[in-house]
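The values are calculated or read from the model by the stated rules, or taken from the named source; none is laboratory data. Because the structure is a prediction, the values reported are computed rather than measured. As a convention, Cβ positions derive from the backbone with ideal geometry for all residues, glycine included, and neighbour counts pool all protein chains shown. These accessible areas exclude ligands, DNA and RNA; they are computed on the full protein's heavy atoms, side chains included. Shrake-Rupley method; radii C 1.70, N 1.55, O 1.52, S 1.80 Å.
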Amino acid sequence: MKSNRAVRTPGGLSVRLDVRAFTVVVLLLLAALTASVVLIGTGDFPIPAGDVVKTLFGEGDPGQEFIIQELRLPRVVVGLLVGASLGLGGALFQAVSRNPLGSPDVLGLGQGATAGALTMIVLFSGSATQVTIGALVGGLLTGLAIYLLAWKQGVHGYRLVLVGIGVSAIVTAINGYLLTMSDIIDAARAVVWMTGSLSGRDWEQVWPLLALCAVLVPLVLANARGLRMMEMGDDVSHALGVRVERVRAFLMVAAVLLTATATAAAGPVSFVALTAPQLARRLTRAPGPNLLPSLCMGAALLVTADWVSQRLFGADQLPVGVVTGVLGGVYLLWLLVTERRAGRI
């Protein structure tokens, strides 16, 4: 079977469709939705999957409707949106830097958002909303600092990763200092936030993230062709009519916004932005940034990790960031061993 097919729309426009990538996207969406339904039914009051689906369509009893609509559904929706944002943001950073390690985890954006949140917790004893705003501002300022420091007649991948690692180390030291300044109550609150968790998330965290994704995701996907051209080098991209620095700057801003907002909503959930694009690429076996598969993979990974944490340890006993950290660390070790056996490192 051919991997690529030309599909003609009713308006006469011909569109190339990668059959394998399309199939992977559909399967990942189904996996994410299935995991979401199972996760909604998991907890101290188990609800069968059939009843969950009925309740979501407005046919459940009042008790189940309250548990699902008010307590569990917001957490799952936040998980889907955070995972999708991290997966897409990670794919953008890896494509722009042309480096599989060029993810927000390595570049220090998560640490920057953590610094903003810790500032609000430790110095101002801020509310949950203020902590969220602080995390968002911290992530944006860190992204801006990395971009400006990496700029030298343009931003190039190797320099971007090196600057990001340096900024990450500096911000990590600042975070350690802020923790030593705090009292025991604020320190405990900060450590829980730094782990990355979906516990206690409600509709207040859903709407800002949903609005941002609704605006940025279509704009990012519309620039996918330019991003694919940029993988062949700046000179070739210029020759093909791509405004390289404008596209690169926009995609980096979009990636920073997606990552910072996701971190503000759930804390610095580690390794999703690093592993989701690589897993998506291995499934699709397609060249290019694989933006949509990475988005779907991130969503599926995070809700599955949250289900694992609840299933093995009970609700709110193990933050989802711990599970993603363990799984991501195992994946990274496996990737290093594979690359070494192949003689690439």
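See the values below:
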item	result
Ranked packing of 276-289, 49-62, most packed first, by mean Cβ within 10 Å	276-289, 49-62
Solvent-accessible area per residue for the chain (1.4 angstrom probe, square angstrom)	49 Å²
Mean projected area (nm²) of the alpha-carbon convex hull when segment 186-232 is viewed from all directions	5.5 nm²
Solvent accessible area, Å² - Ile170, 1.4 Å probe, full protein context	110 Å²
Residue among Ser168, Gly41, Val247 farthest towards the positive dipole end of the chain, charges placed on Cβ	Val247
Kirkwood estimate for segment 143-221, i.e. one over the average of 1/r between Cα atoms, Å	16.0 Å
Ranking by accessible area, most exposed first, for Trp193, Trp151, Trp207 with a 1.4 Å probe	Trp207, Trp151, Trp193
Sequence ranges 67-73, 218-224, ranked by mean other-Cβ count within 10 angstrom, highest first	67-73, 218-224
Solvent-accessible area, 1.4 Å probe, carbon plus sulfur percent, for the chain	67 percent
Global size of segment 196-275 as Cα Rg and Dmax, reported in angstrom	15.7, 51
Using distinct alpha-carbon pairs, which all enter the 1/r mean, Kirkwood radius of segment 277-323 in Å	11.7 Å
Computed P(r) (all Cα pairs; the chain; 10 Å bins; percent)	6, 24, 33, 24, 11, 2, 0
Compactness of segment 235-308 - radius of gyration and Dmax, Cα, Å	14.9, 49
DSSP H segments from the chain that extend 24 Å or more along their own axis, Cα-based, with Kyte-Doolittle mean of 1.6 or above	19-40, 128-150, 203-222
Computed [θ] at 222 nm, helices only, for the chain once each DSSP H run of length n ≥ 4 contributes -39500 (n - 2.57)	-23500 deg cm²/dmol
Residue of Met120, Met194, Met181 that the Gaussian network model of the chain assigns the largest fluctuation, springs spanning Cα pairs under 10 Å	Met181
At 0.890 mPa s and 25 °C, Stokes diffusion of segment 85-150 via Kirkwood alpha-carbon radius, µm² per second	199 µm²/s
Choice from Gly126, Gly63, Gly116 with maximal GNM fluctuation in the chain (Cα, 10 Å cutoff)	Gly63
The chain: most fluctuating residue of Gly112, Gly226, Gly139 per GNM, C-alpha cutoff 10 Å	Gly226
